[in-house]
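Below is one structure, written out as structure tokens, with a few remarks after it.
The values are calculated or read from the model by the stated rules, or taken from the named source; none is laboratory data. It should be emphasised that the depicted structure is a prediction, and the values quoted were computed from it without experimental measurement. Here the Cβ positions follow ideal geometry from the backbone for every residue, glycine too, while neighbour counts run over all protein chains shown.
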Amino acid sequence: MIHILFLILEIIGWILLFLLVILLLLILTILFYPVKYRFSAKGENTLDTLVADGKVSWLFHLISGSASYEHGELKWKLRLAWKKFDSSKEEQKETSEKPVVPEPLEKEPLEGKKTEVKNNSPEKDVKIEKASEKEPEIKKESETEKTKVREERRTENVQTESKLKKIKYTFQKLCGTIKKAGEKKEFLTAFLTYEKHQRAFEAVKKELCHLLHVLKPKKLQANVTFGFSDPSWTGYMLAFLGSIYGLIGEYVQIQPDFEERKLEGNASAEGKIRVIYFAVPAWKLFWNKDVKITYKHIRKHIK
């Protein structure tokens with residue numbers, strides 16, 4: 001009897017171990033198996049000449065997708081295990097769901113039937129006489145003038161009072177905003193200069209920089225000439241690209257055009273993204289005491 005009990009427990013133990021191994025393998029697969037992507041695009045200053053295509057795949061192509069844009073038309077495909085979705089299928093569904101409107105039948109002319117047309121007698125001229133009797137209005141001109149003057153004075157008094165109230169309200173509101181701005185400035189300076197908050201910001205900055213470095217594409221090539229209608233926006237975009245030049249400067253050639261609106265060139269990228277890239281910094285920040293304290297303080301002041 002005891003041997004049978006031990007045998008059952010052993011079988012249950014092996015089953016639990018098998019399930020734990022499968023679960024561990026599944027977690028490791030999700031964390032370390034890469035999401036592969038590829039993208040390419042080229043164009044010559046107009047959206048009609050833009051040609052772009054991209055592909056994404058994960059878990060031995062069990063989950064994959066692709067999209068292409070050419071001649072102003074977007075086409076896409078998606079696969080989720082055994083299910084497949086396509087842009088052409090969606091268009092066919094939409095066309096099939098549209099109700100068929102029957103064409104109206106043309107009326108055939110009736111033959112052999114004559115319609116009698118009756119001539120209307122000429123219209124007679126009718127003289128319309130409008131009799132309007134004006135009722136006598138007995139009002140004194142002096143009284144009407146007095147009432148008009150009184151009404152004008154009342155409206156002027158009401159307008160002046162409303163203007164004074166508006167001026168007073170705007171002045172109070174301005175004083176309140178200045179006071180709140182001063183309080184917010186003091187709070188922000190105290191919040192940012194707090195030692196634990198500074199350490200938390202440094203930790204977040206460090207993890208973000210490492211994440212951007214890891215997410216850098218394996219292959220990246222671009223030769224782009226761009227320009228906005230407003231030269232200031234061209235300058236802003238150039239400043240932004242300059243801030244990330246350390247990541248993309250080796251592979252990218254960018255030429256700004258401050259005189260006219262332009263976007264032409266070609267670009268291509270290929271790389272891999274793993275879930276572990278996001279899991280490790282999230283795990284580190286979650287157990288960081290300074291980050292926890294800063295997060296609690298932010299939630300407290302937002303509420």
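Some notes on this structure:
Rundown of residues vs (1) under 20 Å from VAL214 (Cβ atoms); (2) surrounded by 15 or more Cβ atoms within 10 Å (Cβ to Cβ), yes/no style:
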position: SER232; (1), (2): no, no
position: GLY235; (1), (2): no, no
position: PHE240; (1), (2): no, no
position: SER243; (1), (2): yes, no
position: GLN253; (1), (2): no, no
position: PHE258; (1), (2): no, no
position: LYS262; (1), (2): no, yes
position: ALA269; (1), (2): yes, yes
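- Restricting the range 60-71 to residues that are of a type outside the set (A, V, I, L, M) and in a strand (DSSP E or B), the residue that is farthest from LEU25 (Cα to Cα) is GLU70.
- Taking the criterion of being surrounded by 16 or more Cβ atoms within 10 Å (Cβ to Cβ), more than 27 Å from the chain's Cα centre (by Cα) and not charged (D, E, K, R), the residues of the range 281-303 that qualify are LEU285, ASN288, VAL291, THR294.
- Looking at GLU270, GLU260, GLU264, just one residue is part of a loop (DSSP other than H, G, I, E, B) and among the charged types (D, E, K, R), and that residue is GLU260.
- Inter-residue pairs, beta-carbon under 9 Å, first free of Cβ contacts under 8 Å to residues at least 12 places away in the same chain and in the range 31-60, second hydroxyl-bearing (Ser, Thr, Tyr), 6+ apart: PHE60/TYR33
- With respect to being touching a strand residue (DSSP E or B) at 6+ places or on another chain (Cβ under 9 Å) and either outside the structural domain of SER64 (by TED's automatic domain parsing) or under 21 Å from PRO34 (Cα atoms) (or both), LEU212 falls outside the description.
- Condition check for PHE240: in a helix (DSSP H, G or I) and touching a residue at least 40 places away in the same chain (Cβ under 8 Å): no
- Residue count for the range 1-59, restricted to those that are within 30 Å of GLU264 (Cα to Cα) and assigned to a loop (DSSP other than H, G, I, E, B): 6
- Cβ-Cβ contacts under 7 Å between residues 6 or more apart (or on different chains), taken from a first residue in the range 288-303 that is assigned to a helix (DSSP H, G or I) to a second residue that is of a type outside the set (A, V, I, L, M, F, W, C) and surrounded by 10 or more Cβ atoms within 10 Å (Cβ to Cβ), are listed as ASP290/LYS196; ASP290/ARG199; ILE293/LYS196; THR294/LYS196; THR294/HIS197.
- Set PHE201, PHE278, PHE226: member being aromatic (Phe, Trp, Tyr) and either part of a strand (DSSP E or B) or at pLDDT below 85 (or both): PHE226
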